[in-house]
1. Can you say whether K133 is over 23 Å from R21 (Cα atoms), modelled with pLDDT of 95 or more, of a type outside the set (A, V, I, L, M) and surrounded by fewer than 19 Cβ atoms within 10 Å (Cβ to Cβ), as far as the supplied structure shows?
2. Checking the condition closer than 22 Å to Q123 by Cα and either at pLDDT 95 or above or basic (K, R) (or both), which residue from G109, G88, G14 passes?
3. Within segment 191-238, track down each residue that is closer than 30 Å to I140 by Cα, among the aromatic types (F, W, Y) and touching a residue at least 12 places away in the same chain (Cβ under 8 Å).
4. Within segment 96-111, take every residue that is part of a loop (DSSP other than H, G, I, E, B) and among the small types (G, A, S) and give me the one that is surrounded by the most Cβ atoms within 10 Å (Cβ to Cβ).
5. Looking at segment 240-253, can you tell me whether even one residue there is of a type in the set (D, E), touching a strand residue (DSSP E or B) at 6+ places or on another chain (Cβ under 7 Å) and under 25 Å from L2 (Cβ atoms)?
6. Within segment 20-52, which residues are over 17 Å from S242 (Cβ atoms) and β-branched (V, I, T)?
7. Picking from A93, A30, A25, A34, which residue would you name as being assigned to a helix (DSSP H, G or I), open to solvent by less than 80 Å² (accessible area, probe 1.4 Å) and of a type in the set (A, V, I, L, M)?
8. Quick test for you: out of D5, D87, pick the one residue that is closer than 17 Å to I142 by Cα and either surrounded by fewer than 22 Cβ atoms within 10 Å (Cβ to Cβ) or charged (D, E, K, R) (or both).
Amino acid sequence: MLLKDKVVIISGIGPGLGVQRAVEAARYGATAIAIGARTAEKLDDAERRIKEVNSECAVLKQVTDIRDEAQCKQLAESTRDRFGRIDGLVNSAFFWGTPGTADSADLKGWREIFETNFFGTMQMTQAVTPIMKAQKAGAITIVSTLATMKPHTGEAGYAASKGALNVVTKYLAGELGPFNIRVNIARMGWMWGPPVQAYIAYASKEQGISEKQMYDSVAANIPLRRIVTDEECARAALFLISDHASAITGAVLDANGGEGMP
């Protein structure tokens, strides 16, 4: 039971990796899970799925836009007030933005990307750190992307925002280590779930090939020769907030089928 007796916050509950992390946290024994998303419907769906795999897991639902500092603090403090502590935070919320190249990007659009991905993640992280400092324990996972290493057309703004998180994670790990708080990155690539499935369907039509051919063309560049699933990537992120990773901080864990190898 990877997260036995743990109280976990997961931001960015959506149709893909965010909700899967919540479900896997419940599956692996979390005592309580606090979930945040911008819409109540997503939270209701996540709670239902959590209860299906672990009926004894307590769930705190709170509409949370991580771009709003007050809402981040409210989610953190509500979790502490109800469950007594916060053992782990997984920063799942993100905004991909509009595709475009760096040389001609609308930087107003980039600011919107950074507002969620960088500043929002930092606000959520800063919301839990005073609580973790007081209890002298905690772990934080920040989700990054392979696009920070391997440029992919149209992802410059998204990758830049995640690259900033890659850097600040090292600072956080150094600053929070004396308080027994660990901070790590889970670096994702292609993930087989609703967003990628929709992309494969779209791209195959655009290119006039079958969805299997499109899938195979992507998988050919991954050492495992398959697109790893949302569930697999969720478990990697949760591992980093578990006691099994107690010796790990300031690190990057590649959960991308080996595509992140140098």
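1. yes
2. Just one listed residue meets the conditions, G88.
3. Once the filter is applied, which keeps residues that are closer than 30 Å to I140 by Cα, among the aromatic types (F, W, Y) and touching a residue at least 12 places away in the same chain (Cβ under 8 Å), segment 191-238 yields only W192.
4. That would be G97.
5. There is no residue in segment 240-253 that is of a type in the set (D, E), touching a strand residue (DSSP E or B) at 6+ places or on another chain (Cβ under 7 Å) and under 25 Å from L2 (Cβ atoms).
6. The answer is I35, T39, I50.
7. After ruling out the rest, the residue left standing is A25.
8. On inspection, the qualifying residue turns out to be D87.
The values are calculated or read from the model by the stated rules, or taken from the named source; none is laboratory data. Note that this is a predicted model, so its numbers are computed, not measured. All Cβ positions, even for glycine, are placed from backbone atoms using ideal geometry, and neighbour counts span all protein chains on display. Please note that ligands, DNA and RNA were not included when accessible areas were found on the heavy atoms of the full protein model with its side chains. Shrake-Rupley method; radii C 1.70, N 1.55, O 1.52, S 1.80 Å.
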